[in-house]
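See below for the structure under consideration.
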Amino acid sequence: MTTTPATLIVVDDDPEIRELLADYLGRHGYRALVAEDAEALHRLLAHEIPDLLIVDIMLPGDDGFTICRDVRRDSQVPIIMLTASADETDRILGLELGADDYLGKPFNPRELLARIKAVLRRVRGNQQSQDPARARLVSFGGWRLDRMTRELIDQQELRTPLSGADFQLLQVFLERPEQVLSRDALFELTRGRPAPPLDRSIDVHVCRLRQRLGEDAQHHQLIRTVRGAGYVLTARVEALS
C-alpha cells in the first residue's frame, strides 16, 4: 500500500534556501512547495491543503508573524517558524501567535527534518487517538475539550478552537491531572525533544493556555504554579464519550 507524501510549503524570500529545502525535503519523501512571500503563499493555499508550513519571519511585505496570525484565523495547520534573530522575543512572539515550533538560522537541514517529523508525528498521533481508551470529549473544571475538533467548550456551549501548540499542552495536562510537571518535562512532552538551556517558552504556552481557560494573571485555579517545581492541573478529568 502506498502512502501519500505529506505536503510542506516553505515560505522564504531567499531563492537559494527555497531551492535547497525543496530539494532536500523532496529527497526525504515529502512533497515540498515553495513561496517567496505572503502573497505567493496565499495563492498556493487557494488550491493546496498543506500538512505543515515552514515560514521565515523576515519576509518582504507581510512578515512571518503576520502570516502566522492570518493562517491561525481559520486553520490549525502546523507551523514551524525560521528566525535569524538571536533575540528570544521573536521565538516567544511566534509561539504566542500559534506557531508549533521554531528554528534559528543558520540551521542544519537535518535538524529541520527532525523538527518536521516530530511535529507531524504529534499531530497525526492526536488525530489517530480516537480509540475507546481515549474519549473524544473530556470534562475538567467546568470546561470540556473536543479532541476531534480541537475545541474548548465552556458552560455556555461556546467553542474556542485551539492552536496545535495549545492543544498539545492541554492534552499533556489532561493526561496527567494533579501531577506536578516541570518546565523541562512539559517541553519534552509537547515538542518531542529536550528543552534547550534557559528556554522559557513553556511559560509563554502556559500563560496563553490560562488565558484560553479564562484565568487572570493573579488567580490560577486550574493550572497552578508550583514554585521551583513546575505546573499542575488541579481539576479532576472525566471522559464523557
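Among His28, His205, His47, which one shows the biggest mean-square fluctuation in a GNM of the chain, springs joining Cα atoms closer than 10 Å?
It is His47.
Using a 1.4 angstrom probe with every protein chain in place, what is the largest-first accessible-area order of Cys68, Cys207? Mind showing how you got there, number by number?
On the way: Cys68 0, Cys207 65 Å².
From most accessible down to least: Cys207, Cys68.
Mean residue ellipticity at 222 nm from the helices of the chain, using -39,500 (n - 2.57) per DSSP H segment of n ≥ 4 over the full residue count, to the nearest 500 deg cm²/dmol? Please report the intermediate quantities before stating the final value.
On the way: 8 runs with 91 residues, N = 241.
Estimated from H runs of four or more residues: -11500 deg cm²/dmol.
Between 0 and 90 degrees, rounded to the nearest ten: what's the tilt of helix 164-175 against the longest Cα principal axis of the chain?
With both axes taken from Cα atoms, the answer is about 30 degrees.
In square nanometres, what is one fourth of the surface area of the convex hull spanned by the alpha carbons of the stretch 6-65? Display every interim value, and only then the final one.
Values: hull surface 14.8 nm².
Projected over every direction and averaged, the Cα hull of the stretch 6-65 covers 3.7 nm².
Whole-Hz ³J(HN,Hα) for each residue in the stretch 157-162, computed from phi via Karplus 6.51 cos²θ - 1.76 cosθ + 1.60 with θ = phi - 60°, x for glycine and proline: what do you get?
6, 6, 9, 10, x, 10
Which of Leu113, Leu53, Leu97 moves the most in a Gaussian network model of the chain with Cα springs under 10 Å?
Its mean-square fluctuation being the largest, the pick is Leu113.
Would the stretch 170-218 count as rounded, prolate or oblate if I go by the C-alpha gyration tensor, calling it rounded below 1.5 in a/c and otherwise prolate when a/b exceeds b/c, oblate otherwise?
Details: a/c = 2.13, a/b = 1.34, b/c = 1.59.
Here the stretch 170-218 falls in the oblate category.
For Ile57, tell me the accessible area in Å² from a 1.4 Å probe, rounded to the nearest 10.
10 Å²
Over every pair of different alpha-carbon atoms in the chain, take the mean of 1/r and invert it; report that Kirkwood radius in Å. Could you put the intermediate results ahead of the total?
On the way: mean 1/r = 0.0531 Å⁻¹.
Answer for the chain: a Kirkwood hydrodynamic radius of 18.8 Å.
Name the most mobile residue of Tyr30, Tyr102, Tyr231, meaning the one with the largest mean-square fluctuation, in a Gaussian network model of the chain with Cα contacts below 10 Å.
Tyr30
Just read off the accessible area of Ile49 with the full protein assembly in place, 1.4 Å probe, to the nearest 10 Å².
Probe radius 1.4 Å; accessible area of Ile49 about 150 Å².
The values are calculated or read from the model by the stated rules, or taken from the named source; none is laboratory data. All values derive from a computational prediction rather than experimental measurement. Calculation scope for accessible area: heavy atoms of the full protein, side chains included, ligands and nucleic acids excluded. Shrake-Rupley method; radii C 1.70, N 1.55, O 1.52, S 1.80 Å.
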